[in-house]
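Here is the structure we will look at.
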Amino acid sequence: MDIDAFKQEVIQYSKEIGIDKIGFTTASTFQEMKNLLIRQQELNYQSGFEEPDIDKRVDPTLIFNEPRSIISIALAYPSKMKNAPQSKKGERRGIFCRASWGQDYHVVLRKKLQLLEDFIKEKVPGAMAKSMVDTGELVDRAVAERAGIGWSGKNCAIITPEFGSYVYLGDMITNIPFASDQPIEDQCGTCNKCVDVCPTGALVQGGQLNAKRCIAFLTQTKGFLPDEFRTKIGNRLYGCDTCQTVCPKNKGMDFHFHEEMEPDPELVKPLLKPLLTISNREFKEKYGQASGSWRGKKPIQRNAILALAHFKDETALPDLISVMKEDPRPVIRGTAAWAIGKIGGDDSVSVLKEARERETDEEVLTEIEKGLSFSAITE
């Protein structure tokens with residue numbers, strides 16, 4: 001078989017099924033990435049969502065029998081929303097990051113990879129492949145960088161010349177020895193905007209991220225958000241786009257190639273108050289198809305409470321008081337108490353004192369005290 005000719009067939013087919021960019025690389029160990037991951041582990045910068053075995057994240061031979069090459073794919077997603085609703089007094093809204101617009105990208109990319117895998121197996125008897133998107137063992141960014149999809153930016157995202165960093169990535173390990181493509185030279189230069197504006201200082205330096213401080217990670221946690229980050233997340237409900245929106249390489253980048261990636265404005269920029277009491281069923285019906293729903297409604301509701309505090313939305317006080325009194329979950333009750341104190345208002349102190357008399361959970365009581373401290377009135 002003419003491998004080079006077949007590679008061109010694969011490239012052509014990838015275009016036909018809507019893959020926006022494709023690259024090929026060897027199946028050798030990603031040694032540089034291994035060194036980076038070891039350093040991240042030493043510094044305790046990992047989020048905990050990753051594959052814990054570093055060797056599996058960098059060595060294809062540990063997850064695939066006799067790998068010969070890896071295919072990397074990229075799909076461009078929109079950066080701008082048409083007819084975006086406006087947040088206004090009494091009707092404040094939150095925001096989901098761009099990577100959670102439309103249908104869950106894991107599903108979209110897996111479908112593309114499956115089509116590509118089927119094509120390869122149909123053409124080459126005995127061909128084997130293993131595909132992965134985000135939650136697989138390999139580091140998608142390392143594969144994409146070596147396969148020439150883009151360079152690894154200072155914001156720790158792959159930046160492509162064609163689409164900026166607004167791309168989803170997927171990989172496929174194969175037992176076919178496709179020729180490798182050339183990596184793209186780093187084009188960040190002296191620009192340091194993403195590092196300079198990171199709201200929490202999660203970007204320690206260009207190319208180094210403390211994931212535990214990253215808002216994208218923090219919005220997905222389920223416990224109480226640490227105090228130092230509560231005023232940093234603004235109205236973000238899921239994810240963070242700051243290090244992408246400030247990137248000069250993303251200027252003017254907005255692609256609407258895939259209908260399934262188009263956002264529903266009312267879902268990705270929703271009213272905050274209705275989120276406080278949304279049922280499990282309604283949440284699943286509305287958000288079940290979005291990647292931002294994978295942790296369930298609790299983190300989204302907690303973040304919505306913090307967003308109302310961010311806006312100091314006094315019209316939300318009745319809703320927050322109700323949540324503080326009635327919600328069975330300590331994290332939600334406690335965060336509501338904190339938000340009530342943060343917003344203030346004539347009755348905030350009295351309702352917090354009343355809640356203090358009734359509450360039995362120690363963590364919630366701590367949050368009530370924090371809420372009271374905003375008014376500097378304690379017994």
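No value in this document is a laboratory result; all are computed from the given coordinates. Note that the structure is predicted; figures quoted are calculated from it, not measured. Note that we place each Cβ from the backbone using ideal geometry, even for glycine, and neighbour counts take in every protein chain shown.
What is the helix-to-structure angle for 330-343, meaning the angle in degrees between its Cα long axis and the longest Cα principal axis of the chain, kept from 0 to 90 and rounded to the nearest 10?
Roughly 60 degrees, rounded to the nearest 10.
Starting from the Cα of residue 185, step 7 Å along the direction of its Cβ; do the same at residue 271; then give the gap between the two resulting points in nm.
5.4 nm
Using the beta-carbon distance between residue 205 and residue 84 and R0 = 25 Å, what value does 1/(1 + (r/R0)^6) give for FRET efficiency, to the nearest 0.05?
That gives a FRET efficiency of 0.15.
Run the paramagnetic zone check for residue 32: 7 angstrom along Cα to Cβ, then residues of segment 131-158 with backbone nitrogen under 20 Å.
138-158
Averaged over all directions, how much area does the convex hull of the C-alpha atoms of segment 61-111 cover when projected, in nm²?
Quarter of the Cα hull surface area: 6.0 nm².
Output wanted: per-residue J couplings in Hz (rounded whole) for segment 251-268, from phi through Karplus 6.51 cos²θ - 1.76 cosθ + 1.60, θ = phi - 60°, x for Gly and Pro.
Once rounded to whole Hz, the list reads 4, x, 7, 7, 10, 10, 7, 10, 4, 5, 9, 6, x, 8, x, 6, 8, 8.
Each residue of segment 157-174 in turn: what ³J(HN,Hα) in whole Hz from Karplus with 6.51, -1.76, 1.60 and θ = phi - 60°, glycine and Pro shown as x?
Couplings: 10, 6, 10, 9, x, 7, 10, x, 9, 7, 9, 8, 10, x, 10, 9, 7, 9 Hz.
Among the listed pairs 21/232; 212/232; 193/370; 89/370, give every one whose C-alpha distance is greater than 23 Å.
Exceeds cut-off: 21/232; 193/370; 89/370.
Mind giving me the nanometre distance, one decimal, between the label points for residue 245 and residue 193, set 7 Å out from Cα along Cα→Cβ?
Result for the modelled spin labels: 1.3 nm.
In whole Å, what is the distance between the alpha-carbon centres of segment 100-162 and segment 172-251?
With segment 100-162 and segment 172-251 each reduced to a Cα centre, they are spaced 19 Å.
Net charge near residue 103: determine it from the other residues with C-beta under 12 Å of the C-beta of residue 103, scoring Lys and Arg +1 and Asp and Glu -1.
Value of the local net charge: -3.
From the Cα gyration tensor of segment 312-379, with a ≥ b ≥ c the square roots of its eigenvalues, which class applies: rounded if a/c is under 1.5, or else prolate if a/b is larger than b/c, or else oblate?
It is oblate, given that a/c is not under 1.5 and a/b is not larger than b/c.
Can you give the angle from 0 to 90° between the axis of helix 31-43 and the longest principal axis of the chain, with both taken from C-alpha atoms, to the nearest 10?
20 degrees
Tilt of helix 3-16 relative to the longest C-alpha principal axis of the chain, in degrees (0 to 90, nearest 10)?
Approximately 40 degrees, to the nearest ten.
Residues in segment 224-265, backbone N under 16 Å from the label point at residue 312 (7 Å along the Cα-to-beta-carbon vector): list them, ranges by number please.
231-232, 234-235
Quick one: what are the phi-derived ³J(HN,Hα) couplings along segment 122-131, Karplus 6.51/-1.76/1.60 with θ = phi - 60°, whole Hz, x for glycine and proline?
These are the phi-based 3J(HN,Hα) values: 5, 7, 10, x, x, 5, 10, 8, 9, 9 Hz.
Between residue 21 and residues 5 or more places away or on another chain, which pairs have amide H atoms under 5 Å apart, with H built 1.01 Å from N, and which residues are they?
Here the answer is 74, since their amide H atoms fall under 5 Å of that of residue 21.
Among residues other than residue 200 whose Cβ falls under 9 Å from its Cβ, what is the net charge (Lys/Arg +1, Asp/Glu -1)?
With Lys, Arg at +1 and Asp, Glu at -1, the net is +1.
Excluding residues fewer than 8 places away in the same chain, name every one of the lysines whose C-alpha is closer than 21 Å to that of residue 82.
The reachable lysines, counting only those whose Cα sits under 21 Å from residue 82, are 251, 269, 286.
Could you check the simple spin-label distance between residue 365 and residue 227, using points 7 Å along Cα→Cβ, in nm with one decimal?
So the two model labels end up 1.8 nm from each other.
If we count other beta carbons within 10 Å of each Cβ, what is the order of 163, 374, fewest first?
Exposure proxy ranking, most exposed first: 374, 163.
For 258, 310, what's the fewest-to-most ordering of other Cβ within 10 Å of each Cβ?
Fewest to most other Cβ atoms nearby, the residues stand as 258, 310.
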